[in-house]
Amino acid sequence: MKVVAFLTAAFVALTSPDTASAGMLAQAQQYAGLHEVKHNKRLRAALGINPARTPWCGHFMGMIARKSGRQPPQSYGFARSWLRFGAPIKLSYARPGDVIVVRTGRSYHVGILSVLSKSTARVIGGNQSGRVQLSYFSRGQVIAVRR
């Protein structure tokens with residue numbers, strides 16, 4: 001039964017229009033440049049937490065998912081919880097707007113794919129150097145792509 005559900009989710013994700021993923025990318029881009037201290041009031045109101053005191057990449061993604069009409073994972077505040085979001089996609093099939101989970105040392109980070117090259121994933125997300133911005137991660141750091 002789990003195999004059938006997985007295959008169905010993968011089929012739908014690969015054959016349906018990119019509107020949901022594109023919507024998440026567009027939503028995230030609206031917040032580009034906001035800093036956890038300089039724009040604390042705005043981010044605090046949007047996220048429901050104080051980004052200057054709490055790791056907030058997952059909270060940012062939860063807000064973006066909801067604004068795009070998607071349901072974030074139950075524990076969306078933790079980057080690792082995004083491993084259960086949407087349908088799994090192979091990195092070679094990743095498209096702009098897909099959710100990317102990366103491993104940085106012993107920690108996890110989540111964001112939205114902007115551009116994928118042969119060696120890097122350019123990701124927009126929250127809590128990247130304390131702000132919403134585009135950052136580069138090596139493809140080797142990507143542990144999951146979700147659509």
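The values are calculated or read from the model by the stated rules, or taken from the named source; none is laboratory data. Every value quoted in this text rests on a predicted model; they were computed, and no experiment measured them. Ideal geometry is used to build each Cβ from the backbone, glycine not excepted, and the neighbour counts take in all protein chains shown.
One table, with the values for the structure above:
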item: Qualifying residue in segment 99-110 (condition: over 24 Å from residue 53 (Cα atoms) and surrounded by fewer than 17 Cβ atoms within 10 Å (Cβ to Cβ)); result: no
item: Residue tally, condition among the small types (Gly, Ala, Ser) and touching a Ser or Thr at 6+ places or on another chain (Cβ under 9 Å), over segment 63-78; result: 3
item: Odd one out for residue 36, checked against (1) under 15 Å from residue 114 (Cβ atoms); (2) in contact with a Gly (Cβ under 6 Å, 6 or more places away or on another chain); result: (1)
item: Odd one out for residue 70 among (1) in contact with a strand residue (DSSP E or B) (Cβ under 7 Å, 6 or more places away or on another chain); (2) of a type in the set (Lys, Arg); (3) part of a loop (DSSP other than H, G, I, E, B); result: (1)
item: Search result, residues across segment 52-74 that are in contact with an Asp or Glu (Cβ under 8 Å, 6 or more places away or on another chain) and farther than 25 Å from residue 22 by Cα; result: 52
item: Some residue of segment 24-39 being over 24 Å from residue 138 (Cβ atoms) and either among the charged types (D, E, K, R) or modelled with pLDDT under 95 (or both); result: yes
item: Subset of segment 117-147 (residues that are farther than 22 Å from residue 84 by Cβ, surrounded by 16 or more Cβ atoms within 10 Å (Cβ to Cβ) and free of Cβ contacts under 8 Å to residues at least 60 places away in the same chain); result: 120, 122, 135
